[in-house]
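The values are calculated or read from the model by the stated rules, or taken from the named source; none is laboratory data. Keep in mind it's a predicted model, so treat the numbers as computed, not measured. Cβ atoms come from the backbone with ideal geometry, glycine included; neighbour counts cover every protein chain shown.
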Amino acid sequence: MHLKKQLVLLILAALAPLAVLAQAWPTKQPIKLVVVFPAGGSVDQVARILQMPLQQELGQTVIVDNKGGASGAIGTAFVAQAPADGYTLGVVFDTHAVNPSIIPNMTFDTRKDLVNISLIGKSAMVLATNVGSEYKTFADVVAAAKAKRAVSYGSIGSGSLGHLAMTLLGKSSGFDWQHIPYKGGGPLMNDAIAGHVPLSIGTVFLTKPHIDNKRMRPLAVTSSKRSPDLPDVPTFVELGYSGFEAQAWWGVIAPVKTPVDIVRRVNEAINKVLKNPEIAKKLDAQGIDIVGGTPADANVFILRQMAIWDKVVKDNGIKAD
């Protein structure tokens with residue numbers, strides 16, 4: 001009994017610093033919100049939309065710090081290796097679930113070294129074509145593929161969610177697409193608008209401005225239901241591809257040993273911010289459908305995404321750029 005009591009005291013002693021840390025947080029220093037992509041993209045936009053309202057909710061300065069490169073893996077490594085004290089958080093994109101499969105020798109383990117705090121939101125991707133293209137509907141693309149004519153599409157890069165989604169669609173339907181990888185959304189849209197690449201696959205955030213100004217024609221969206229931002233555009237499910245879904249998403253992570261109380265407080269603050277009509281409107285303007293929910297919800301979703309796309313990568317021998 002005496003030994004048992006000693007063990008309990010030792011465990012309580014070990015947990016005491018964590019309890020003190022959680023109680024003191026976040027009074028010690030500013031909170032760093034590490035954006036794992038360069039400035040200007042959707043991940044950066046999401047972080048900057050959240051920055052000020054999170055600052056108000058948490059009562060501490062929130063600093064956005066862009067650490068781009070390797071499809072988000074460089075910034076994510078920084079978060080994984082940071083002190084687990086609640087002062088370093090990361091904002092990640094859908095590549096977060098793909099990188100473990102396509103980037104060899106990452107310096108961190110996505111499953112073991114990070115905790116998922118929140119799933120901010122999701123967005124459909126859009127398969128689109130130049131407004132002067134021969135493809136008026138997706139049926140025209142199918143007809144061209146079945147006639148063994150070369151059908152090529154561009155994505156934001158090899159191993160991107162758009163690339164994986166089109167690979168999955170092609171394999172399940174017997175289409176032989178030619179993939180043209182670009183170094184990001186800007187170069188992809190420049191070539192798509194000019195008609196240099198017949199088809200493009202990108203998020204609503206990336207593609208919708210060019211649809212609105214009549215330079216691009218949307219053919220289908222990758223969500224299971226129609227996108228509120230493109231209500232007239234059919235889903236691939238509607239077009240006969242049962243169960244097909246591939247959505248972009250944005251989430252918040254932290255180092256794995258971050259105290260549970262701090263994870264809970266950040267999650268609650270994010271959920272409160274997402275319910276703010278002004279913030280919801282800003283995210284909607286980016287083509288993002290708000291999700292929110294608990295850390296457990298985020299974890300289930302992200303682990304499922306990792307499993308889905310890991311299989312696609314391995315089945316098709318996909319490599320990063």
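Observations
- Taking the numbered list (1) at pLDDT below 95; (2) exposed (fewer than 14 other Cβ atoms within 10 Å of the Cβ) in turn, residue 232 passes all entries but (1).
- Filter result (part of a helix (DSSP H, G or I) and either modelled with pLDDT of 95 or more or more than 24 Å from the chain's Cα centre (by Cα) (or both)) within segment 128-163: 138, 139, 140, 141, 142, 143, 144, 145, 146
- For residue 298, the test of being of a type in the set (Gly, Ala, Ser), within 14 Å of the chain's Cα centre (by Cα) and assigned by TED's automatic domain parsing to the domain that holds residue 118 is passed.
- Among the residues here, residue 79 qualifies as within 24 Å of residue 112 (Cα to Cα) and outside any strand (DSSP E or B).
- Set 256, 204, 266: member being more than 30 Å from residue 179 (Cβ to Cβ) and surrounded by 22 or more Cβ atoms within 10 Å (Cβ to Cβ): 266
- Leading residue by the ranking (surrounded by the fewest Cβ atoms within 10 Å (Cβ to Cβ)) among those in segment 269-285 that are at pLDDT 95 or above and touching a Gly at 6+ places or on another chain (Cβ under 8 Å): 275
- Summed over segment 57-76, the residues that are part of a helix (DSSP H, G or I) and under 16 Å from the mean Cα position of the chain (by Cα) give a count of 7.
- Scanning segment 85-125 for residues that are part of a loop (DSSP other than H, G, I, E, B), of a type outside the set (Phe, Trp, Tyr), farther than 23 Å from residue 265 by Cβ and in contact with a helix residue (DSSP H, G or I) (Cβ under 7 Å, 6 or more places away or on another chain) turns up 98, 103, 106, 107, 110.
- Exactly one residue out of 165, 128, 192, 143 is aliphatic (A, V, I, L, M), touching a residue at least 12 places away in the same chain (Cβ under 8 Å) and out of contact with any helix residue (DSSP H, G or I) (no Cβ under 8 Å at 6 or more places or on another chain): that is 165.
- Any hit, segment 286-297, residues being at pLDDT 95 or above and closer than 21 Å to residue 81 by Cα: yes
- Check on residue 263, in a helix (DSSP H, G or I), under 30 Å from residue 133 (Cβ atoms) and in the same structural domain as residue 98 (by TED's automatic domain parsing): no
- Output for segment 178-195, where each listed residue is modelled with pLDDT of 90 or more, closer than 18 Å to residue 318 by Cβ and not polar (S, T, N, Q): 179, 180, 181, 188
- Every residue from segment 28-56 that is of a type in the set (A, V, I, L, M) and either over 16 Å from the mean Cα position of the chain (by Cα) or not in a loop (DSSP other than H, G, I, E, B) (or both): 31, 33, 34, 35, 43, 46, 47, 49, 50, 52, 54
- Tally, over segment 79-136, of residues that are under 27 Å from residue 190 (Cβ atoms), buried (at least 20 other Cβ atoms within 10 Å of the Cβ) and among the β-branched types (Val, Ile, Thr): 7
- Any hit, segment 171-180, residues being among the small types (Gly, Ala, Ser) and in contact with a Leu (Cβ under 7 Å, 6 or more places away or on another chain): no
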